[in-house]
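**Q** After the structure tokens below, expect a handful of questions from me.
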Amino acid sequence: MAVLFAFLHFVAAFGLFAAIAVEFVLIRGELTVANARRLMSADQVSGICAGAVLTVGLARVFWFEKGADYYFHNAFFIAKLSLFAIVGGLSVYPTLKFLSWRTAVTQGRMPAVDSSTLRLMQRIIHAELAGTILIILCGVLMARGIGGLA
């Protein structure tokens, strides 16, 4: 069972990274109705994957791996969890913007987005992508036993 949960955790983590990478590429391109629809879908996938990463990851911590005591006494696990919360917090703004586009996109119209909002969304998604890479690095360091606290 532990192997299955490890597999699910990795699939969800890489799905999350892929969805954010798709958002990163799309938000830098021309904003059309089709791209707005794709951005909204990628954001939805990233939310689903983030939920799976958290749920499966916590199950691994408490039931399937080395035990909560090991993880909560590892600096890289704490950093990983903190970064996950930061990336999740950052994702709220673009998600709310994408949700506000729903009516226009459903009607086949381009959502009204000013250039400063678009630039802010680009920077946030870029930060999400960088944060996700750091989360994966923390996971690798933690899995190798680096960062244990006394």
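The values are calculated or read from the model by the stated rules, or taken from the named source; none is laboratory data. The structure presented is a predicted model; accordingly, all values stated were derived computationally and were not measured. Note: ideal-geometry Cβ built from the backbone for every residue, glycine included; neighbour counts use all protein chains shown. What goes into the accessible areas is simple: the full protein's heavy atoms, side chains included, and nothing from ligands, DNA or RNA. Shrake-Rupley method; radii C 1.70, N 1.55, O 1.52, S 1.80 Å.
**Q** Just from its helices, what would the mean residue ellipticity at 222 nm be for the chain, if runs of 4 or more DSSP H residues each count -39500 (n - 2.57) and the sum is divided by every residue, rounded to the nearest 500 deg cm²/dmol?
**A** Result for the chain: -27000 deg cm²/dmol, rounded to the nearest 500.
**Q** Related question: Full-extension gain between Gln122 and Leu137, please, as 0.36 nm times their residue separation minus the C-alpha to C-alpha distance.
**A** Numbers: separation 15, 0.36 × 15 = 5.40 nm, distance 2.29 nm.
Value of the extension gain: 3.1 nm.
**Q** Counting heavy atoms of the protein chains only and a 1.4 Å probe, report the per residue accessible area for the chain as a whole number of Å².
**A** Heavy-atom accessible area per residue stands at 56 Å².
**Q** Further question: Please give the FRET efficiency for Val11 paired with Ser41, using the beta carbon to beta carbon distance and R0 = 25 Å, rounded to the nearest 0.05.
**A** Taking R0 as 25 Å, the efficiency between Val11 and Ser41 is 0.85.
**Q** What is the percent carbon and sulfur in the accessible area of the chain, measuring with a 1.4 Å probe over the protein chains and ignoring ligands?
**A** Whole-percent figure for carbon plus sulfur exposure: 70.
**Q** Using the Cα atoms of segment 42-131, I'd like the radius of gyration and the largest Cα-Cα distance, Dmax, both in angstrom.
**A** According to the Cα coordinates of segment 42-131, Rg and Dmax are 17.0, 52 Å.
**Q** To continue, here is another question. Want the number for Thr106 to Trp63: 0.36 nm per residue separation, take away the alpha-carbon distance, what's left?
**A** My answer for the length gained is 11.2 nm.
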